[in-house]
Amino acid sequence: MKVPSGLVIQDRKLTHYLLIYQAEDDKSEFLASAGYTLQNWQLLKRDRLSAMAVAEVVEVMSTDWGTRFKVKAQWNGANGQRLKVIVIWQQDEGSDIIRFVTLYPDKSRSNKTMKEG
């Protein structure tokens, strides 16, 4: 299943969450290894949205708040390093918007369902 259209990434999710060190569940180090920092957060936003155009939904989950989409994606980071990630999106009940929730490294061995992005 292709990723639905209407994806939204709130700037604050990048500038106050993903690219800022977190004591627990930190993602900033992983993203920094691919060249993403607070100084180029717009590049991360653009690259991630571009990668979604060829990514595949691997799981759809119904929650109390709406529908969640688990997506495997990959792309070359700002410094050329290949990123393989799981991205979680959510469409809240009654909304047409599908918003970014989080991402984390894809540590699975098989990426057969993923297309080059």
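Assorted remarks:
- Spin-label pair Asp64/Thr15, simplified geometry with 7 Å Cα→Cβ offset, distance in nm: 3.2
- Cα gyration tensor, the chain - rounded (a/c under 1.5), prolate or oblate: oblate
- Length gained on full extension, Glu56 to Gln42: 2.7 nm, using 0.36 nm per residue less the C-alpha separation.
- For region 81-95, 3J(HN,Hα) computed residue by residue from phi via the Karplus equation (6.51, -1.76, 1.60; θ = phi - 60°) reads 5, 6, 9, 10, 9, 10, 10, 9, 10, 9, 9, 5, 3, x, 10 Hz, glycine and proline entered as x.
- Top of Lys13, Lys70, Lys107 by mean-square fluctuation, Gaussian network on the chain, Cα under 10 Å: Lys107
- Ordering Ser62, Gly35, Ser50 by Cα displacement along the dipole of region 31-72 toward the positive end leaves Gly35 in first place; charges were set at the Cβ atoms of Lys, Arg (+1) and Asp, Glu (-1).
- By the helix-only formula, in which each DSSP H run with n ≥ 4 contributes -39500 (n - 2.57) and the sum is divided by residues, the chain has a 222 nm mean residue ellipticity of -4000 deg cm²/dmol.
- Per-pair calculated FRET efficiency, R0 = 22 Å: Ala23 and Leu49 via Cβ, rounded to 0.05: 0.20
- Region 45-98 versus region 8-33: alpha-carbon centroid distance in Å: 15
- The chain: most fluctuating residue of Tyr36, Tyr21, Tyr104 per GNM, C-alpha cutoff 10 Å: Tyr21
Taken together, the values in this text are just the output of simple stated rules run on the coordinates, not laboratory data. No experiment lies behind these values; they were computed from the predicted model shown. Every residue, glycine among them, receives a Cβ derived from its backbone with ideal geometry; neighbour counts consider all protein chains shown.
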